[in-house]
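Asks: This is the structure I have questions about; it appears just below.
What follows is calculated from the coordinates using simple rules that are stated; it is not laboratory data. Bear in mind that the values here come from a model prediction, so they are computed numbers and not experimental data. In this analysis, Cβ positions are derived from the backbone assuming ideal geometry, glycine residues included, and neighbour counts consider all displayed protein chains.
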Amino acid sequence: MKVPILTYHSSNIDGNDYVTNNHVALAEDLHTIARLGLRIVPVARVVDVLLGEAPPASVKNAVALTCDDGSYFDWHDMKHPRHGPQRGFAGILRDHTARTGQPAQMTSFVIVSPEARAVLDVTCMAGRDWWRDDWWRDAASEGVIAIENHSWDHNHATLPRTVQREQNKGTFETIDSYADADAEIRAAADWLNVHLAPNRSTLFAYPYGEWNDYLVREYLPHYIHEHRLRAAFTGEPHPVEANTDRWLLPRYVCGPHWKTPDELESLLRGMRV
Ligand SMILES: [Zn+2]
């Protein structure tokens, strides 16, 4: 088992070329993936295989796709105020399936708190109410974009208050107590389970890709009966292999870990078995 998980951010739109726009990059990368004869599998299936609940053959020569934060650009075709019309990630995936006949699914790790998203929409995007959750249920039932947990409020530095008790914001390394982990992780999972029922949230991606020993060695393994998660994802550039820690599943991030179609191609060629 050697499966790369590729990660995108739909709000990364600083132009309309591969380096400056993750929508352009995703569309191009789907061509590369198809040309190399790789299959796209849901990231949940990678976890199934890791946990011995599906055969390794079901992820042979496969890649999985994820995106983070959960804004409208994941789902809607949108007109960017500076860079014009953008095809949403969902549309890019549907286009790929229509063209190739191959299924293409992505998992979006969303910031769950509605209040946090309303503030982040102003501090991190254009302030046009583009970070609502009114598309999550449609996405979850259609299946092209699965919705999973990226914490309650990202412990984001631009929020006036987060659920981190000492207000040590702008990092996830300070989520190092039961109270903080319960508020950032379990509460977010519960919200998703209530609002997207009958879907169950079972996957978590660390905000900023940051984790600590308390989360990985104590909270996540010992409180499964409370948070009900099966795996957690970082942002470290490695494939998932048979001996990967389920609470530290690595992901390659578009931009930091590859910047051109050629770089992605050589990365993916190294995975083939
Ligand atoms: Zn994030």
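Asks: Once each part is reduced to its C-alpha centroid, what is the distance from region 1-63 to region 181-248 in angstrom?
Replies: 20
Asks: From the gyration tensor of the Cα coordinates in region 32-96, what semi-axes in whole Å does the equivalent ellipsoid have, largest first, with each one equal to sqrt(5λ)? Present the calculation step by step, with values, prior to reporting the outcome.
Replies: Working: eigenvalues 181, 42, 11 Å².
Over the Cα atoms of region 32-96, the ellipsoid semi-axes are 30, 15, 7 Å.
Asks: How big is region 2-269 along each principal axis, measuring the range of its Cα positions in Å and listing the largest first?
Replies: 48, 46, 34
Asks: Ok, one more. Under 5 Å between amide hydrogens, which residues at least 5 positions from A62 or on another chain qualify, with H placed 1.01 Å from N in the peptide plane?
Replies: Hits under the 5 Å cutoff: R39.
Asks: For the chain, what is the calculated [θ] at 222 nm in deg cm²/dmol (nearest 500), taking -39500 (n - 2.57) for each run of four or more DSSP H residues and dividing by its residue count? Display every interim value, and only then the final one.
Replies: Numbers: 9 runs with 78 residues, N = 273.
Computed ellipticity for the chain at 222 nm equals -8000 deg cm²/dmol.
Asks: Name the aspartates and glutamates eligible as straight-distance cross-link partners of K2: C-alpha to C-alpha under 19 Å, and not fewer than 8 places from it in the same chain.
Replies: Within reach: D29, D48, E53, E236, E241, D245, E263, E265.
Asks: Note down the magnitude of the dipole of the chain about its Cα centre, charges +1 on Lys and Arg C-beta and -1 on Asp and Glu C-beta and zero elsewhere, to the nearest 20 debye.
Replies: Values: 27 positive and 37 negative charges, 166 e Å.
Charge dipole, the chain, about its Cα centre: 800 debye, nearest 20.
Asks: Here is a follow-up. How big is the antiparallel share of DSSP beta bridges in the chain, given as a percent to the nearest 5?
Replies: On the way: 6 of 30 bridges.
The antiparallel proportion sits near 20 percent.
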